[in-house]
Amino acid sequence: MLIKTKAGIPYSEVTPKSVYINRRRFLATAAAGAAVIATKPLTMWLEPGTVVASSKFENLVKSQYSSAETPTPSRIVTTFNNFWEFGDQKGDPFKNAVKFRTSPWSISVEGEVVKPRSFTMDEILQLVPLEERIYRHRCVEGWSIVVPWIGYSFNVLAKLVQPTSKARYVTFQSYYDPKQMPLARRTGLDFPYVEGLRLDEAMHPLALLCVGMYEDVLPNQDGALVRMVIPWKYGYKSIKSLVKVRFVGEQPPTIWDMANPGEYGFYSNVNPQVPNPRYSQATERRLGGSLFGNRINTQMFNGYDQVAGLYAGMDLHRYY
Ligand SMILES: Nc1nc2c(c(=O)[nH]1)N[C@H]1C(S)=C(S)[C@@H](COP(=O)(O)O)O[C@H]1N2
Ligand SMILES: [Mo]
């Protein structure tokens, strides 16, 4: 059975084997099996709101916020990672996160809110229809990928707890268990991983609460069971394995800024004109295709111009 992707590559070559096998099992049991197979790859070009056939998510629709680019092969996105809890080399998370226990999972949402509460994974999955959102993802180290994430705007969750007028920032915290993450200590970072956004940034519809990718649940190495994806900022703002969200009044500390003061600014908007002390940000290597990827020019806000209004009047050389 050959399932072709947009690029004409059989699905078996761009999809991890476990996902592929699941997909085949799903397709084999589908009543209209042949029809599903024939139309599946075409979902890439369907209109927003169209239902995406997925073996893992029943209520998955195309998002109006998707970029038109072809996703990076999933085998790259799932084997080349930054997830320092599981080691500091790009291949480490793929190898070391295999046994990461992610069930049961819940996210506590607290702080300056009227209705603090915790959300179980089932609740998170049922709040609103899940969207497939194809986003560019740009690491500060100079590589980028295009990923069909699954989730919905973080503001859906935020509105349910009703932030008070004192809430001006949001802090995010990752799961941390030194027993399951023995390599974390050796990195010198101060875990748990914490990140932050200004309230209006967190409430922007592009800020994604993410529960899956490539039509499946998030692999452990990509941030199971829930992560954030902030497509106009460098990758490190997109915190993985999220367990706590806190609305606060003051700008919160972030893990990379604590490790390396001054190098990783709070905003961390993708900006080709503001170099990091160690990396120029003018260009990036888009992974996939040739061995080292294609070198392309980096775009302001990673090309997400719709967020520019959030920073009107700010000197982005100073607030980098
Ligand atoms: N908890 C946690 N979240 C994290 C990181 C991490 O080390 N730990 N690395 C960040 C960095 S630097 C990047 S580039 C992205 C990488 O996401 P990916 O591996 O899914 O591509 O995750 C971000 N989120
Ligand atoms: Mo990164």
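The values are calculated or read from the model by the stated rules, or taken from the named source; none is laboratory data. Model, not experiment: these values are computed from the prediction. Using ideal geometry, Cβ is built from the backbone for each residue, glycine included, and neighbour counts are taken over all protein chains shown. In case anyone asks, the SASA skips ligands and DNA or RNA and just uses the protein heavy atoms, side chains included. Shrake-Rupley method; radii C 1.70, N 1.55, O 1.52, S 1.80 Å.
Calculated mean residue ellipticity at 222 nm for the chain: -4000 deg cm²/dmol, from DSSP H runs with n ≥ 4 weighted as -39500 (n - 2.57), summed, divided by the residue count and rounded to 500. Among the protein heavy atoms of the chain, carbon and sulfur supply 54% of the accessible surface, probe 1.4 Å, non-protein parts ignored.
Annotation for the range 108-184: trypsin sites (Lys or Arg not before Pro) lying in DSSP loop with at most 10 further Cβ atoms inside 10 Å of their Cβ are Lys179. In this structure, the residue pairs whose Cα-Cα separation is over 27 Å, taken from Lys179/Lys237; Lys159/Lys233; Lys159/Lys237; Lys95/Lys159, are Lys95/Lys159. With protein chains left intact and a 1.4 Å probe, residues in the range 57-311 average 41 Å² of accessible area per residue.
Between Glu69 and Asn260, the FRET efficiency estimated from the beta carbon spacing at R0 = 45 angstrom works out to 0.90. Sparsely packed loop sites in the range 221-312 (the chymotrypsin sites (Phe, Trp or Tyr not before Pro) outside DSSP H, G, I, E and B with at most 14 other Cβ atoms within 10 Å) comprise Tyr279, Phe292. For the range 227-304, trypsin sites (Lys or Arg not before Pro) meeting the loop criterion (DSSP other than H, G, I, E, B) and having at most 16 other Cβ atoms within 10 Å: Arg278.
Say a paramagnetic label sat at a point 7 Å from the Cα of Glu58, along Cα to Cβ; which residues of the range 125-151 have their backbone N under 17 Å from it? Zone members listed by number: 125-131. The alpha-carbon atoms of the range 235-316, seen along their principal axes, cover 45, 33, 25 angstrom, with the largest extent given first.
The slack between Leu316 and Thr283, meaning 0.36 nm per residue of separation minus the straight C-alpha distance, is 10.1 nm.
A simple charge model with +1 on the Cβ of Lys and Arg, -1 on the Cβ of Asp and Glu and nothing else charged puts the dipole of the chain at about 700 debye relative to its Cα centre.
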